[in-house]
Amino acid sequence: MPLLDHFRPPLFPRHHWDSFHSNWATRIADALNERLPPEFMAEEHTSSGARLEIDVATYQEQGVVAPPGPNGPVTATVPRTWTPPAPPHIIPATFSDAFEVRVFSTTGGLTLVGAIELVSPGNKDWPEERHAFAVKCASYLFQGVSVIVIDIVTTRKANLHNETMRLVNAPAAVALPAETDLYAAAYRPVLREDRPEIDVWPVPCALGSPLPVLPLRLTGDLFVPVDVEASYQEACRRRRLPS
């Protein structure tokens, strides 16, 4: 199925891109869970900006009387709260959209081993948003987590693969051409003879063309293929989008 433009007419605004991204993340996770060894699992995670609590006034009530129980009134005590001093500094911050699939090892608890990032328009919008996305991907890699980035956003001219490679001080040959706005890339952090390295598989994409199959390292030399095209086709089918 050819790659469609989900950010311009005729698909948009009749079909909202964020709904499609959420649906696509689910299809990727479902496909992975059918292939992953039993000690691994994949889950989709989507959010618009970081999950933060709003700063609101708090209150404290001591000796609140709860509804009567079978043996008479019950007194519930609200735990004491502690309010820190006002911070000496407040700085601006960027909390990015997240449309991703996280892959975990379940041996001895949940350990993140892979992340598949679906780029949103907001991730490419402003320099600080692009930097935040690159920092997120680089942080994963520096922690030994494999990463795949998929960018089909047509309404923003930026390349987050190149942004991430600059952040990890990769040689210029690793970058995609500056005019490449649609792409997919896989990254595998690895230690070879006590030398930390990152294997990189960048692939330019184009409207009207199929999407690639990319490698996702789980542990050591254990990989699974991520068929980006197959999951995209399934997401389009479930949204009844034209082929």
Next on the checklist: Residue pairs, Cβ under 9 Å, 6 or more apart or interchain, first in the range 79-100 and within 30 Å of D30 (Cα to Cα) and small (G, A, S), second in a loop (DSSP other than H, G, I, E, B) and open to solvent by less than 100 Å² (accessible area, probe 1.4 Å). List them.
Outcome noted: S96/G49; S96/A50; S96/S120; A98/G49; A98/A50; A98/S120
Next on the checklist: Restricting to the range 78-101, give me the number of residues that are assigned to a loop (DSSP other than H, G, I, E, B) and within 17 Å of the chain's Cα centre (by Cα).
Outcome noted: 4
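Out of the residues in the range 6-36 that are in a loop (DSSP other than H, G, I, E, B) and open to solvent by less than 30 Å² (accessible area, probe 1.4 Å), which is farthest from I148 (Cα to Cα)? Steps first, answer last, please.
First, the residues of the range 6-36 that are in a loop (DSSP other than H, G, I, E, B): 6-16, 36.
Right, trim to open to solvent by less than 30 Å² (accessible area, probe 1.4 Å) and you get 6-7, 11, 36.
Numbers: H6: 20, F7: 21, L11: 26, L36: 16 Å.
Only one residue tops the list, namely L11.
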Item to check | Matching option when the condition is free of Cβ contacts under 8 Å to residues at least 40 places away in the same chain, of a type in the set (G, A, S), under 23 Å from H6 (Cα atoms) and outside any helix (DSSP H, G or I), among A184, A178 | outcome: A178
Item to check | Residue check, V190 free of Cβ contacts under 8 Å to residues at least 60 places away in the same chain, farther than 21 Å from V113 by Cβ and in a strand (DSSP E or B) | outcome: no
Checklist entry - Of the residues L222, L207, which is closer than 24 Å to L11 by Cβ, open to solvent by 60 Å² or more (accessible area, probe 1.4 Å) and more than 18 Å from the chain's Cα centre (by Cα)? => result L207
Next on the checklist: Is it the case, given these coordinates, that T155 is touching a residue at least 12 places away in the same chain (Cβ under 8 Å), outside any strand (DSSP E or B) and open to solvent by 20 Å² or more (accessible area, probe 1.4 Å)?
Outcome noted: yes
Checklist entry - In the range 154-207, how many are under 23 Å from P225 (Cβ atoms), touching a strand residue (DSSP E or B) at 6+ places or on another chain (Cβ under 8 Å) and small (G, A, S)? => result 3
Item to check | Of all residues in the range 79-109 being out of contact with any helix residue (DSSP H, G or I) (no Cβ under 9 Å at 6 or more places or on another chain) and polar (S, T, N, Q), the one that is least open to solvent (accessible area, probe 1.4 Å) | outcome: S105
Item to check | For R237: the one exception among (1) of a type in the set (D, E, K, R); (2) more than 24 Å from Y140 (Cα to Cα); (3) part of a strand (DSSP E or B) | outcome: (3)
Checklist outcome for this item: Within the range 125-139, restricting to residues that are of a type outside the set (G, A, S), open to solvent by 30 Å² or more (accessible area, probe 1.4 Å) and under 15 Å from the mean Cα position of the chain (by Cα), the one that is farthest from A185 (Cα to Cα) is E129
Checklist entry - Just a yes or no: is a residue in the range 102-119 modelled with pLDDT of 95 or more, on the phi < 0 side of the Ramachandran plot, within 12 Å of the chain's Cα centre (by Cα) and not in a strand (DSSP E or B)? => result yes
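The values are calculated or read from the model by the stated rules, or taken from the named source; none is laboratory data. Note that the structure is a prediction, hence the values are computed from the model and not measured. Ideal geometry is used to build each Cβ from the backbone, glycine not excepted, and the neighbour counts take in all protein chains shown. Note: areas computed on protein heavy atoms with side chains; ligands, DNA, RNA excluded. Shrake-Rupley method; radii C 1.70, N 1.55, O 1.52, S 1.80 Å.
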